[in-house]
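These notes are about the structure you will find just below.
Laboratory data are not the source of any read-out in this text; all were calculated from the coordinates shown. Note that the structure is predicted; figures quoted are calculated from it, not measured. A quick note on method: Cβ atoms are made from the backbone with ideal geometry, for glycine too, and the neighbour counts reach across all protein chains shown.
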Amino acid sequence: MSEKVTGIIDNVDRQLVRDSVVLQNLLVMLQKSGAELKIMGTLLERAYAMSQRVIEDMVVADGKVNRAALKDRDIKVYREEQQGLVIYYYFTCRGREERFGVTRDVLRSEISLRLSKYVSELGKMLKDTGQHA
């Protein structure tokens, strides 16, 4: 892959940790949503389930890229702890211990933004497929 990074923790490292946290939480949310869809039994259940699965696959793919980048930069996220309104994610970065804190509201906003991006990508995929039919 790329060259190993050394030195102090920088903004790229923090963004990778943030992306890791958002992607993990988004994946959990999608999986819960998929389970709820099965229970609902709506007429469009199959279409919703297929869309949810495609988006889930996009999240998993981005998660793999993120995990590879974390590994490349010698970063390991290893613990989550809630203190009041803040969720802290503890990680080591090239031997240094750090923590990343985020409120639930900010995490929800980040998840919403990321989910909107995936839905937009899915819409483009469907539009492109429809043009070839």
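The sum of -39500 (n - 2.57) across all DSSP H runs of n ≥ 4, divided by the residue count of the chain, sets its helix-only mean residue ellipticity at 222 nm to -23500 deg cm²/dmol. A viscosity of 1.002 mPa s and a temperature of 20 °C, combined with the Kirkwood radius over Cα pairs in Stokes-Einstein, give a translational diffusion coefficient for the chain of 129 µm²/s. Within the listed set Ile111, Ile87, Ile55, the Gaussian network model of the chain (springs between alpha-carbon atoms below 10 Å) gives the highest mean-square fluctuation for Ile87.
With a Förster radius of 35 Å applied to the beta-carbon distance between Ala68 and Glu98, the computed FRET efficiency rounds to 0.95. The calculated FRET efficiency for Asp57 paired with Tyr78, based on their beta-carbon distance and R0 = 22 Å, is about 0.25. Net length available on complete extension from Tyr90 to Leu115 is 6.5 nm, with 0.36 nm assigned per residue and the Cα-Cα distance removed. What is the angle, in °, between the Cα long axis of helix 45-72 and the longest principal axis of the Cα atoms in the chain? Nearest 10 is fine, range 0 to 90. Relative to the chain, helix 45-72 is tipped by roughly 20 degrees. Going toward the positive end of the dipole of region 11-126, with +1 on Lys and Arg Cβ and -1 on Asp and Glu Cβ, which of Val28, Leu16, Ala68 do you reach last? Most positive-ward Cα: Ala68. Other residues lying with their Cβ under 9 Å from the Cβ of Val21 contribute a combined charge of -2, Lys and Arg counting +1, Asp and Glu -1.
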